[in-house]
Amino acid sequence: MTHPLSSSTPSRRSLLVGGAASVAALALAPSAYAGSRPSAAGSRLAPAAGASVRSLESATVRRWAADTWRSLVAMTDAKTGLPADNITESLTAAGRSGYTSPTNIGGYLWSTVAARELGIITRGEATARLVRTLKTVCRMEHHAPSGMYFNWYDEATAQTLHSWPGSGDKVVPFCSSVDNGWLGAALLVVMSSDPAAGQWAKRIFERMRWDAFYNDNSDPAHQVRPGGLIHGGFYPYENGRPGGTYQGTHIGGDPVWLTTHHYDTTVSETRITSYLGIITGQIPPKQYFAMWRTFPASCDWSWHEMQPVGEHRTYYGIDVYEGAYTYRGKHIVPGWGGSMFEELMPDVFVDEAKWAPNSWGRNHPLHIRAQREHGLVEAGYGYWGFSPSSNPAGGYREYGVDALGLNPDGYFSDQEMTNYDAGFGDCRAATNPAPTYGDGVVTPHASFLAMMHEPDEAFTNLARIESELKAYGRGGFFDAVAVRSGTIARRYLSLDQAMIMGAVGNVLGHDVIRRAFSTDAVERKLRPVIGIEEFGASPVA
């Protein structure tokens, strides 16, 4: 799960991704928007009398969104309407990456809808931009039997990449389930929000076969968990990952090289592909419950981050271990790496807390609060928000809160890769239960995602990142900043900028992205599935 900035090899996170004590207490204070968030009353983190967080200032957030949109426009080729994967601080065409992906394209589409709703661009400009991009996508080379697109194209020509810009390394066309998932999500947004462009979006979406990725567990030679799992993707023309694929097909026709790895955790950005399969009726609801909430608590599984607690429940005939990790007195369902991106990116499209109050409605606010506590209290960075991004030291890295991830090697929150290890009950002794953290790296898009649940706390954090860390340019917030050294990743990534636009569109644009995606028809299909579950998450361990 790396990004091309980290290597000349064409790979990517699969869409496979201090301050003073008084400041920490202030930023941890509950806001007037608390809603379903666990109360801080009675907690040692409760603010002193008279203290309050800085209230979200819509004019400032709109300025941030307008500057973010500027970076997306700068990334986008005027002829093809395709955005580059990333661009330098200069925002010049020469600073574009020279490649794009289905996720990048999808992000530009939903960002255009958000920019229109926020008044940054006119309705006419939005339609023109959407139609230009979708006409290009419609004619781009793709895997015709499934309707799925390859991972990498040249944004200036819309041609499939077969060699990597700069290095010349070979690129084997690959159809990623999660990258196509984000394109599919964006197509649904456009279909509901722009009649002219929606016709083109509908044409593309209706030929996409989500079951092409679905291993239903019926093949004895390639068994997965009961209920079935979704492959990472497939190579349609030649094997690009010897030893990590097998030949087969889930939709008939010529076989492809399917990845042997599957997406098997639910706290992940990859659940958007499950949602699309369920919405279209191409993947059964039971698949959603085949994914792990945590791995088991037995000593046989003692390799993962910590021993979970929980109980078993059954949904759609699938036994689900509703496990949770324990972090700072809370039970939280972890992701693979413990990043905000994994927890909240699908929430940009589906109001998961409302539709699933006993699962996502519990976990989202707890994950956000845990990220704040990690940054402001546990690690003492003075800032918070950890997610995969550019590395301020160069390249690309997955950042997160290690304790919120199943991965024993962690998505770390600092440059030193400080590894938290609480042990695994009586099965494995702790090696580093109380780490001392180094140069923490905060990623602004993580706070924008959190703004959908904690607008005031997120605003306070972002305002301080801009004013104190100076991690801001003509294209909005730079991708990441190391808080102690002050080193800034002076680059803009289209996906991260698109997450900002989607989140702000929801916060200030009356849930524009959620409303466009979550139509009545989508709600009828998806809400009854995710709404029945009860996570093991709790504000009190």
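Would you point out the residue of segment 382-425, among those that are among the aliphatic types (A, V, I, L, M) and open to solvent by less than 30 Å² (accessible area, probe 1.4 Å), that is farthest from LYS330 (Cα to Cα)? Only one residue tops the list, namely LEU406.
Of all residues in segment 56-74, those being of a type in the set (Gly, Ala, Ser) and open to solvent by less than 20 Å² (accessible area, probe 1.4 Å) number 3.
Return a yes/no flag: does segment 225-246 have any residue that is at positive phi and open to solvent by 50 Å² or more (accessible area, probe 1.4 Å). Yes, because at least one residue in segment 225-246 is at positive phi and open to solvent by 50 Å² or more (accessible area, probe 1.4 Å). Note on segment 488-529: among residues that are under 30 Å from GLY394 (Cβ atoms) and basic (Lys, Arg), the one that is most open to solvent (accessible area, probe 1.4 Å) is ARG490. The condition (being of a type in the set (Ser, Thr, Tyr), surrounded by fewer than 20 Cβ atoms within 10 Å (Cβ to Cβ) and under 24 Å from ALA521 (Cα atoms)) is satisfied by just one residue among THR273, THR280, THR260, THR249: THR280. Look at segment 271-296: where a residue is of a type in the set (Ser, Thr, Tyr) and a partner is in a loop (DSSP other than H, G, I, E, B), sitting 6+ places away or on another chain with Cβ atoms under 7 Å, you get SER274/ILE283; TYR275/VAL350; THR294/PRO308; THR294/VAL333; THR294/PRO334; THR294/LEU406.
For segment 313-360, a tally of residues being open to solvent by 10 Å² or more (accessible area, probe 1.4 Å) and not charged (D, E, K, R) returns 14.
Could you say whether any residue in segment 81-88 is open to solvent by less than 20 Å² (accessible area, probe 1.4 Å) and either at pLDDT below 95 or acidic (Asp, Glu) (or both)? Yes: one or more hits.
Scanning segment 168-196 for residues that are more than 24 Å from the chain's Cα centre (by Cα) and either farther than 26 Å from ARG271 by Cα or open to solvent by 10 Å² or more (accessible area, probe 1.4 Å) (or both) yields a total of 7. Within this structure, PRO435 passes the test of being surrounded by fewer than 24 Cβ atoms within 10 Å (Cβ to Cβ) and assigned to a loop (DSSP other than H, G, I, E, B). State whether one or more residues within segment 139-151 are in contact with a Leu (Cβ under 9 Å, 6 or more places away or on another chain) and assigned to a helix (DSSP H, G or I). No; the residues of segment 139-151 include none that is in contact with a Leu (Cβ under 9 Å, 6 or more places away or on another chain) and assigned to a helix (DSSP H, G or I).
Go through the residues of segment 159-167 one by one and say whether even a single one is aliphatic (A, V, I, L, M) and either over 25 Å from the mean Cα position of the chain (by Cα) or modelled with pLDDT under 95 (or both). Checked segment 159-167: no residue is aliphatic (A, V, I, L, M) and either over 25 Å from the mean Cα position of the chain (by Cα) or modelled with pLDDT under 95 (or both). Against the list (1) open to solvent by less than 10 Å² (accessible area, probe 1.4 Å); (2) under 21 Å from the mean Cα position of the chain (by Cα), the condition ALA471 fails is (2). A search for C-beta distances below 6 Å between a residue of segment 83-98 that is among the acidic types (Asp, Glu) and any residue that is part of a loop (DSSP other than H, G, I, E, B) and open to solvent by 20 Å² or more (accessible area, probe 1.4 Å), counting only pairs 6+ apart in sequence or on different chains, returns ASP85/SER97; GLU89/ARG490.
Is it the case that some residue within segment 258-276 is closer than 25 Å to SER111 by Cβ, in a helix (DSSP H, G or I), in contact with a strand residue (DSSP E or B) (Cβ under 9 Å, 6 or more places away or on another chain) and among the basic types (Lys, Arg)? Looking through segment 258-276, at least one residue is closer than 25 Å to SER111 by Cβ, in a helix (DSSP H, G or I), in contact with a strand residue (DSSP E or B) (Cβ under 9 Å, 6 or more places away or on another chain) and among the basic types (Lys, Arg). Kindly evaluate TYR214 against the criterion of being over 30 Å from THR76 (Cβ atoms) and either touching a helix residue (DSSP H, G or I) at 6+ places or on another chain (Cβ under 6 Å) or at pLDDT 95 or above (or both). Spelling it out, TYR214 is indeed over 30 Å from THR76 (Cβ atoms) and either touching a helix residue (DSSP H, G or I) at 6+ places or on another chain (Cβ under 6 Å) or at pLDDT 95 or above (or both).
The values are calculated or read from the model by the stated rules, or taken from the named source; none is laboratory data. Only a predicted model underlies this, so the values are computations on that prediction, with no experimental measurement involved. Note that we place each Cβ from the backbone using ideal geometry, even for glycine, and neighbour counts take in every protein chain shown. Calculation scope for accessible area: heavy atoms of the full protein, side chains included, ligands and nucleic acids excluded. Shrake-Rupley method; radii C 1.70, N 1.55, O 1.52, S 1.80 Å.
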